[in-house]
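Worksheet for the structure shown next.
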Amino acid sequence: MGETSSVYSMCGMCAVRCSIRVETEDGAVKWIEGNPHEPGLEGSLCAKGSAGLAFEYDAERPQFPMIRDGERGSGKWKRATWDEALEYITGKLKEVAAKHGGRAIALSDRSGPFTDLTTSFLKALGSANYFNHDDTCGKNVDMACRSLFGFNSRAELAYDFANAGHIVLYGRNVFESLQVKEVNNILDGMERGAKLTYIDTRATVTASKADRFLMIRPGTDYALNLALIRTVLQERLYDPDFVNKYVSGITELENFVAPYTPEWAEQETGIPAQEIVSLARDFSSAKPKVIFHPGWMLARYVDSFYASRTLYILNALMGNIETKGGMIIAKGPSDAGRKPLQSLGAKIPEPKDKIADAAMKNKPFGTGHVVNLYKAIKTGEPYPIKAYFAYRYDPIASLPDPEAQKKVLAGLDLLVSIDVNYSQTGWFADVILPEATYLERSNIIGTAKGQKPSFVMRRQAVPPRYDSKPAWEIFTSIVHRMGAGEYFPYKSIEDIWNYQLENTGVKIEDFSAKGSVGLAKAAILQDRNALKFKTPSGKIELVSEDLAKAGFPSFKAYTPPKKPDKGSFRLLFGRSAVHTHAQSQNNIYLNELMPENALWINDAEAQALGVKDGDTVEVSSGGYRGKIKAKVTPHIHPEAVFMVHGFGSDIPLKTRSYQKGLSDTKFEIGLLETVDPVGGGVAYLECFVSVAKA
Ligand SMILES: Nc1nc2c(c(=O)[nH]1)N[C@H]1C(S)=C(S)[C@@H](COP(=O)(O)OP(=O)(O)OC[C@H]3O[C@@H](n4cnc5c(=O)[nH]c(N)nc54)[C@H](O)[C@@H]3O)O[C@H]1N2
Ligand SMILES: Nc1nc2c(c(=O)[nH]1)N[C@H]1C(S)=C(S)[C@@H](COP(=O)(O)OP(=O)(O)OC[C@H]3O[C@@H](n4cnc5c(=O)[nH]c(N)nc54)[C@H](O)[C@@H]3O)O[C@H]1N2
Ligand code: SF4
Ligand SMILES: [Mo]
């Protein structure tokens with residue numbers, strides 16, 4: 001046996017970033033498992049996490065810096081040294097900064113626990129133009145949450161599924177679109193007797209495990225919720241003490257929902273009125289241990305903001321906040337009486353100009369909409385953006401309409417992709433910088449908020465196999481070459497860690513035992529008699545002052561979603577348990593499990609088109625067409641078809657996934673600027689396709 005060691009780190013096969021333990025022998029990874037010390041994880045990993053080994057030892061990933069050697073997107077590259085690639089990049093950045101100022105440099109990443117590095121990097125270059133993926137994910141849900149509670153839905157709220165009495169999920173396909181801890185907590189809760197209600201346009205694995213599955217007409221969850229709220233109010237099924245103390249605007253709500261009867265909702269949703277009433281009675285009997293999980297799919301229609309608001313209103317009516325089995329306000333270091341990490345940007349002066357979307361619409365509760373970054377690149381308003389870093393982010397694969405995007409991105413003087421794979425954006429970029437993989441690098445320390453907040457660390461397990469570098473080193477080097485080295489004085493990741501930990505009383509060694517450092521001895525719960533919400537009034541605002549100031553109503557009348565024309569269907573998408581977005585399809589192991597996607601189509605509709613299960617069909621929309629196998633099933637709503645996202649890669653260097661299956665984004669023509677007018681989230685599901693036998 002050679003030299004073995006064991007390191008605690010963080011999985012990087014999806015953005016959940018589960019805590020892991022990695023065993024190595026002679027500098028090679030031998031074994032990866034979930035961190036046995038992590039409650040709720042206890043050693044488990046998902047299939048994608050286990051495929052980390054296949055990813056690490058795959059040669060079909062960028063192995064050295066590459067500079068474009070032909071037209072953008074031509075796939076012609078020349079190999080470069082790091083010195084050449086970084087000189088090329090900083091040469092362009094200097095030109096851009098001289099002409100338009102540092103503000104013309106933008107960066108987007110996936111967001112998460114390490115964004116202090118990217119926002120500080122931009123700050124050092126004099127730019128506030130940091131954007132993340134959220135408009136394409138949970139933005140509307142988050143905005144809805146803020147409008148009611150003042151909390152960020154993801155960072156400031158957690159769900160105590162393990163102790164819940166009734167869990168209601170809207171298209172939240174927890175058993176396939178998964179997060180390992182959450183799955184384990186839900187299974188624990190169900191073992192202890194929690195009921196699971198699942199509402200989706202198709203029967204997923206989660207539907208098969210649910211006590212109650214309701215198939216809903218696409219885009220009508222708002223109608224369902226209005227009728228549920230009406231029933232809860234009329235039958236006085238809510239928590240009166242909680243509502244009287246913490247909720248303002250209940251009379252206005254009652255008046256607003258009055259016309260939305262269960263019988264009316266049946267016409268819209270296809271869910272029988274009886275079912276709606278019995279669901280309302282059923283979950284109310286479990287209050288306050290009821291969780292309505294917002295999911296993300298509600299967030300992808302043009303009126304998702306208001307639909308998501310009704311879902312949070314249901315949570316509030318059940319009085320489930322800050323109680324066992326309910327919605328928990330996530331705690332940070334200061335709630336545990338501890339000091340937070342020191343920001344890498346703490347000593348860097350604020351950029352002169354505000355972020356480029358600050359002046360734009362759709363921002364009652366915040367900025368950083370990546371869609372508005374595209375607008376700014378396209379129009380030069382409010383000022384020009386000429387250089388763009390896509391770091392751990394692949395907009396061409398994840399925003400609608402790749403061709404429309406390329407037209408916008410063509411206006412840049414510099415597009416850089418920093419990735420561990422060849423991404424669709426990388427393929428169109430001027431420079432690809434290969435980051436060392438999650439097993440080959442350390443990251444800055446992150447903060448995990450929750451009932452028991454902690455500091456978390458991703459720590460290098462093995463040396464890089466190719467000529468790649470960790471992000472902290474890439475960004476530090478660019479800042480130095482741009483003449484701002486004083487703001488990034490770090491020579492090693494330990495320098496960064498020590499700086500971050502300076503005032504916290506925590507030392508680097510403290511991470512060795514378990515991989516993270518807990519900041520509270522016991523779970524912290526606020527006093528239920530003295531809850532404070534982060535709204536202007538400190539209450540849960542059904543009638544929101546902030547919304548009114550931004551010129552939006554607190555309650556919006558229901559408008560039915562468009563019905564597809566004959567022979568046409570609404571295109572829905574979602575995940576498979578064995579793939580991550582568009583990044584894993586070429587993984588040897590995961591590719592074997594699922595090499596391509598199929599088109600789910602309702603059996604009666606298929607029959608009318610003469611399509612049988614397994615037939616090849618042609619799908620088309622606005623001039624784009626492609627062929628795919630049909631999965632004919634009764635388990636999808638007749639108005640919709642569905643495909644798993646992430647297939648149909650254009651990159652020949654990824655030989656296993658090249659042109660396998662279809663890409664949903666290519667059908668989403670014209671939707672790049674179609675957003676929910678209040679939340680700002682991208683309305684991907686306002687997409688219709690025609691289907692015919694091929
Ligand atoms: N049509 C359609 N559009 C969608 C979706 C859909 O289902 N259908 N899903 C939406 C949702 S919910 C989301 S969250 C977004 C996701 O969109 P993205 O955030 O763009 O997707 P990811 O696959 O998480 O990651 C993007 C890139 O990060 C790279 N990457 C992974 N690990 C690392 C690393 O360690 N270092 C570096 N430097 N790079 C890394 C991957 O190779 C990939 O190219 O897409 C959204 N867009
Ligand atoms: N395996 C795996 N897990 C993941 C990810 C991954 O890439 N792979 N990505 C992570 C990310 S970033 C996210 S955002 C989450 C996404 O997690 P989810 O939002 O739970 O999952 P999706 O699979 O995107 O879509 C869920 C469902 O929404 C349904 N749906 C579509 N329209 C409607 C509607 O009008 N009403 C209702 N009620 N349902 C509708 C679709 O049929 C689909 O089954 O998953 C996370 N987990
Ligand atoms: S959910 Fe799976 S792929 Fe994602 S971080 Fe956890 S183990 Fe890794
Ligand atoms: Mo997402």
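The values are calculated or read from the model by the stated rules, or taken from the named source; none is laboratory data. Everything numeric in this text was worked out from a predicted model, so none of it was measured. Cβ placement follows ideal geometry from the backbone for every residue including glycine, while neighbour counts extend to all protein chains displayed.
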Checklist entry - For residues in the range 129-148 being small (Gly, Ala, Ser) and more than 11 Å from ligand 4 (Cβ to nearest atom), which is nearest to Gly681 (Cα to Cα)? => result Ala144
Checklist entry - Can you name the residue in the range 128-174 that is within 16 Å of ligand 3 (Cβ to nearest atom) and more than 20 Å from Pro113 (Cα to Cα) and is also farthest from the chain's Cα centre (by Cα) among such residues? => result Phe161
Checklist outcome for this item: Within the range 118-137, restricting to residues that are more than 12 Å from Tyr393 (Cα to Cα) and among the aromatic types (Phe, Trp, Tyr), the one that is farthest from ligand 2 (Cβ to nearest atom) is Phe121
Next on the checklist: Would you confirm whether or not the range 150-159 contains a residue that is more than 16 Å from ligand 1 (Cβ to nearest atom), at positive phi and in a loop (DSSP other than H, G, I, E, B)?
Outcome noted: yes
Checklist entry - In the list Ser177, Ser208, which residue meets the criterion of being under 22 Å from the mean Cα position of the chain (by Cα), modelled with pLDDT of 95 or more and farther than 30 Å from Ala376 by Cα? => result Ser177
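So that you can scan it fast, the table gives a plain yes or no per residue for (1) at pLDDT 95 or above; (2) surrounded by 23 or more Cβ atoms within 10 Å (Cβ to Cβ):
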| site | (1), (2) |
| --- | --- |
| Leu344 | yes, yes |
| Ile348 | yes, no |
| Asp357 | no, yes |
| Gly380 | yes, no |
| Val408 | yes, no |
| Gly411 | yes, no |
| Ser417 | yes, yes |
Checklist entry - Mind checking which residues of the range 375-425 are within 23 Å of Gly680 (Cβ to Cβ), among the hydroxyl-bearing types (Ser, Thr, Tyr) and under 22 Å from the mean Cα position of the chain (by Cα)? => result Tyr388, Tyr391, Tyr393, Ser398, Thr425
Checklist entry - Going by the structure shown, is Leu298 within 22 Å of Asp160 (Cβ to Cβ), within 16 Å of ligand 2 (Cβ to nearest atom), in contact (Cβ under 8 Å) with a residue 12 or more places away in the chain and hydrophobic (A, V, I, L, M, F, W, C)? => result yes
Checklist outcome for this item: Going through the range 160-178 in order, the residues found to be part of a loop (DSSP other than H, G, I, E, B) and closer than 21 Å to Phe573 by Cβ are Gly171, Arg172, Asn173, Val174, Phe175, Glu176, Ser177, Leu178
Checklist outcome for this item: Scanning the range 230-247 residue by residue, those under 23 Å from Tyr558 (Cα atoms) and assigned to a helix (DSSP H, G or I) turn out to be Arg230, Thr231, Val232, Leu233, Gln234
Item to check | Hits in the range 298-311 - residues which are surrounded by fewer than 24 Cβ atoms within 10 Å (Cβ to Cβ) and under 20 Å from Glu182 (Cα atoms) | outcome: none
Checklist outcome for this item: The residue that is nearest to ligand 4 (Cβ to nearest atom), considering only those in the range 542-601 that are within 22 Å of Lys627 (Cβ to Cβ) and small (Gly, Ala, Ser), is Gly574
Checklist entry - Which condition number does His581 fail, the rest of (1) more than 30 Å from Pro262 (Cα to Cα); (2) within 16 Å of ligand 1 (Cβ to nearest atom); (3) in a strand (DSSP E or B) being met? => result (3)
Checklist entry - Of Val168, Val174, Val141, which residue is closer than 23 Å to Pro288 by Cβ, within 12 Å of ligand 1 (Cβ to nearest atom) and buried (at least 22 other Cβ atoms within 10 Å of the Cβ)? => result Val141
Checklist entry - So Asn503 clears everything in (1) over 17 Å from Pro333 (Cα atoms); (2) loosely packed, with under 14 Cβ neighbours inside 10 Å except one condition, right? Which one? => result (1)
Checklist entry - Could we say that Ser147 is under 30 Å from Asp357 (Cα atoms), touching a Gly at 6+ places or on another chain (Cβ under 6 Å), of a type in the set (S, T, N, Q) and more than 16 Å from ligand 1 (Cβ to nearest atom) here? => result no
Checklist entry - Can you find a residue in the range 28-51 that is under 23 Å from Ser657 (Cα atoms), more than 16 Å from ligand 4 (Cβ to nearest atom) and of a type outside the set (A, V, I, L, M)? => result yes
Checklist outcome for this item: Across (1) within 11 Å of ligand 1 (Cβ to nearest atom); (2) over 26 Å from Tyr198 (Cα atoms), Gly646 clears everything bar (2)
Checklist entry - Taking into account only those residues within the range 266-302 that are within 16 Å of ligand 1 (Cβ to nearest atom) and of a type in the set (Gly, Ala, Ser), which is farthest from Gly193 (Cα to Cα)? => result Ala299
Checklist outcome for this item: Listed by first then second residue, the pairs whose first member lies in the range 566-584 and is outside the structural domain of Leu45 (by TED's automatic domain parsing), whose partner is within 14 Å of ligand 4 (Cβ to nearest atom) and small (Gly, Ala, Ser), with beta carbons under 6 Å and at least 6 positions apart or on separate chains, are Arg575/Ser177; His579/Gly646; His581/Gly646; Ala582/Ala397; Ala582/Gly646
Checklist outcome for this item: A careful count of residues in the range 36-49 that are more than 18 Å from Arg458 (Cβ to Cβ) and either of a type in the set (Ser, Thr, Tyr) or within 15 Å of ligand 2 (Cβ to nearest atom) (or both) gives 2
Checklist entry - Given the residues Glu605, Glu618, Glu596, which is the only one that is of a type in the set (D, E, K, R) and assigned to a helix (DSSP H, G or I)? => result Glu605
Checklist entry - From the list Ala97, Ala80, which one is in contact with a strand residue (DSSP E or B) (Cβ under 9 Å, 6 or more places away or on another chain) and under 30 Å from Tyr466 (Cα atoms)? => result Ala80
Checklist entry - Would the range 582-602 turn up any residue that is at pLDDT below 95 and of a type in the set (Gly, Ala, Ser)? => result no
Next on the checklist: Residue under question is Glu33, and the condition is that it be under 28 Å from the mean Cα position of the chain (by Cα), outside the structural domain of Pro463 (by TED's automatic domain parsing) and more than 16 Å from ligand 2 (Cβ to nearest atom); does it hold?
Outcome noted: yes
Checklist entry - Is it true that some residue in the range 63-81 is buried (at least 23 other Cβ atoms within 10 Å of the Cβ) and more than 16 Å from ligand 3 (Cβ to nearest atom)? => result yes
Checklist entry - Within the range 179-227, can you find the residues that are buried (at least 20 other Cβ atoms within 10 Å of the Cβ), near ligand 2 (Cβ under 10 Å from one of its atoms) and part of a loop (DSSP other than H, G, I, E, B)? => result Thr201, Thr204, Ile216, Arg217, Pro218, Gly219, Thr220
